[in-house]
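Accompanying notes for the structure given below.
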Amino acid sequence: MKSDDVEINIDGELEYVEGTNELYTGKSETHYENGNLQHSGQYENGLMEGVWKYFYEDGSLYLKGNSKNGKRDGNWTTYKPDGTIESEELFKEGVAIN
């Protein structure tokens, strides 16, 4: 998924500790070149788990949602650069239900 300037990686792929076959558990963050946060989230046993947030380069929130067992689960909300809601989707086990 990609907005004009926000790259989103919600692929359900397993995440491994770099250079090993060990599934990663821990915080995940990336930053833009300007130092602002690009995304934040958590992995459990290699799968996306809990709240994930993605940001525009200026630091404002672009997308927020919950993952469970590596799949989108619950509300996912997309925001416009001015902070207003652009869209909302409800997911259950990775499938949109609205």
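The values are calculated or read from the model by the stated rules, or taken from the named source; none is laboratory data. Values in this document were obtained by computation on a predicted structure and should not be read as measured data. Positions of Cβ are backbone-derived with ideal geometry, glycine not excepted, and every protein chain shown enters the neighbour counts.
Tabulated values for the structure
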| read-out | value |
| --- | --- |
| Residues satisfying the stated conditions in region 68-98, i.e. of a type in the set (Ser, Thr, Tyr) and modelled with pLDDT under 95 | none |
| Close pairs (6 angstrom Cβ cut-off, 6 or more residues apart or separate chains): closer than 13 Å to Ser60 by Cα in region 27-42, among the hydroxyl-bearing types (Ser, Thr, Tyr) and in a strand (DSSP E or B) anywhere | Gln38/Thr30; His39/Thr30; His39/Tyr54 |
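A quick yes/no check of all residues on (1) surrounded by 13 or more Cβ atoms within 10 Å (Cβ to Cβ); (2) under 18 Å from Tyr16 (Cβ atoms):
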site	(1), (2)
Asn34	no, no
Glu44	yes, yes
Gly65	yes, no
Asn75	yes, no
